[in-house]
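Just so you know, all these numbers are worked out from the coordinates, no wet-lab data involved. From a predicted model like this one, the values you see are computed outputs, not experimental measurements. Cβ: placed from backbone, ideal geometry, glycine included. Neighbour counts: every protein chain shown.
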Amino acid sequence: MAVKVCKFGGTSMADGNIIRSVKRIIESDGERRYIVVSAPGKRYSGDKKVTDLLYECHKKLCGGADVKECFAPVRARFESIVRELNSGIDIEGELAATEERIAAAMSEDFTASRGEYLCAKVVSLVLGATFVDAENVIFFRENGELDGERSYKAIREACPDRSALYVLPGFYGSDPSGKVKTFSRGGSDISGAIVARAVQASLYENWTDVSGFLACDPRIVDSPRPIKSVSYKELRELSYMGANVLHSESIFPVRKANIPIRIKNTFRPEDEGTSILPITRYKPSGNVVTGIAGKKNFTVIFIEKSLMNSEIGFIARVLEVLRRNEISVEHIPSGIDTMSLVIASEALTPEKLSLITEGIREAVSPDTIRIIEDIALIATVGHGMSSSVGTSARLFNAIAAEKINITMIDQGSSELNIIVGVKNEDYEKCIRAIYREFFG
Ligand code: ADP
Ligand code: ASP
Ligand code: MG
């Protein structure tokens, strides 16, 4: 029997009324058998996500506060959801047990995971479905990576009946010692993908609050064009570069099994949404550019040295300095005698930065080493770009016309992506300029 895995994000779980709509969506398609849920998200702008409340709860607990007091805002959210559902569900026992376990574990990951746990409990009761705890079926290895094969097998064993209905909490699993461990933020998307792979779903539906992937962030451009179809590769580039509709790591489990993903809108279920497909099945939009995404707050370390290219081991020695300082590098655009290291600023304290620059001076004696801070990266992505002459010229002209200075260019070897670095303050203006050029 063909089955679909449906992951519902935080906005789809925000209150009892929305959970009722989710129930209707699930019941309107008999193939929707495996449900993965996030913790309740924001109900209105300025509201707090349950996961954020739980991180605050953990901090207060570590500061010596009483668990009842720390957990009270989370308890209040779930009590109001249950009240709104008005279906005789009782989760008092779960709430009390959760308080006890939070106090006993004193673990940030454990506390943060309880939003998904409690939400999945509520949804399983509403649907009359079987609850399967992610703690018992999603496993991490010692090095923090997912243990895929062990997880897929455990999920299949815990959910053996393809005609039954199962609900699993997203965002967490357990480490080799059995302790709860979470993915990075937004990680319920990854949990959904893991379940889809485990049960060989015909489709992984990811339900959120927008009608699919849009050509750029709707908070920057008003009503950007929806994208009907993107390839796994384009999605990876766009989501890694900041289009956070879907966690950038969620494609790995499904890509191997060629399982398509569909982004759908819980608030407009009739909208078609976006299909994410292997390149062999993907239907190009006919547009040169598929989408634009970006992130702020990078630091660029610019290194110049004559004849750098002929110096054997130059790059290796520079990267060794980063490894020693436990810093990962996002991009390394390079010229004949120059290279830049683009690093997320949040990973760099002033002390780390001076250790790194000193280390590079010692390791390779550069002619120049310069630090450029407050840089935003913007990726313009599309399979159409490699076959269309003059795309880079159009991109750079559009940016120049707005008098925005480009501090760095990285044209990835995938020919699918051109990344420009601009000042943080030019970020939104630059995205709007690129959007107008290719979609306006
Ligand atoms: P969920 O809680 O369902 O996981 P997220 O907040 O993680 O939802 O992702 C959906 C949000 O992603 C949208 O509300 C939108 O503001 C934001 N977003 C950023 N870039 C894009 C884009 N290119 N297309 C659509 N949404 C985008
Ligand atoms: N609730 C978690 C977060 O807010 C995971 C998720 O929503 O995907 O990051
Ligand atoms: Mg999300």
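Centre-to-centre, using Cα atoms only, region 317-368 and region 258-309 are separated by 27 Å. Ignoring aspartates and glutamates fewer than eight residues from Lys352 along the same chain, the ones with Cα atoms less than 19 angstrom from its Cα are Glu320, Glu326, Glu330, Glu362, Glu373, Asp374.
Counting other Cβ atoms within 10 Å, keep those with at most 11, restrict to DSSP loop, and tell me which GluC sites (Glu not before Pro) in region 52-154 are left. Could the numbers behind the result be given before it?
On the way: sites: Glu56, Glu69, Glu79, Glu84, Glu92, Glu94, Glu99, Glu100, Glu108, Glu116, Glu135, Glu142, Glu145, Glu149; in loops: Glu142, Glu145.
Counting only loop positions with at most 11 other Cβ atoms within 10 Å, the GluC sites (Glu not before Pro) in region 52-154 are Glu142, Glu145.
Summing Lys and Arg as +1 and Asp and Glu as -1 over all other residues whose Cβ lies under 9 Å from the Cβ of Asn405 gives a net charge of +1. Of the chymotrypsin sites (Phe, Trp or Tyr not before Pro) in region 1-69, the ones in a loop by DSSP (not H, G, I, E or B) with at most 10 other beta carbons within 10 Å are Tyr44. Over the chain, Cα pairs under 8 Å with separation of 6+ residues give a relative contact order of 13 percent.
Compute the Cα gyration tensor for region 232-280, then decide on rounded, prolate or oblate, letting a ≥ b ≥ c be the square roots of its eigenvalues: rounded whenever a/c is under 1.5, prolate when a/b is larger than b/c in the other cases, and oblate in all that remain. Note, shape of region 232-280 comes out oblate.
For the pair region 192-239 / region 104-179, the C-alpha centres are spaced 23 Å from each other.
Taking a point 7 Å from the Cα of Asn325 along the Cα-to-Cβ direction, the residues of region 359-374 with backbone N closer than 16 Å to it are 359-366, 368-374.
Remark: region 171-179, residue by residue, has Karplus-estimated 3J(HN,Hα) of 6, 8, x, 9, 8, x, 8, x, 7 Hz, where x stands for each Gly or Pro and the curve is 6.51 cos²θ - 1.76 cosθ + 1.60 at θ = phi - 60°. Among Thr357, Thr130, Thr349, which one shows the highest mean-square fluctuation when the chain is modelled as a Gaussian network with alpha-carbon springs under 10 Å? Highest fluctuation of the listed residues: Thr349.
Restricting attention to the chain, close to 60% of DSSP beta bridges with both partner residues there are antiparallel.
Here's the list of lysines a cross-link from Lys181 could span, going by alpha-carbon distance under 18 Å and ignoring same-chain residues fewer than 8 apart: Lys59.
Every helix of 4 or more DSSP H residues in the chain counts as -39500 (n - 2.57), and over all residues that averages to -12000 deg cm²/dmol at 222 nm. Pairs exceeding a 31 Å alpha-carbon distance, out of Lys264/Lys429; Lys48/Lys429; Lys7/Lys403: Lys7/Lys403.
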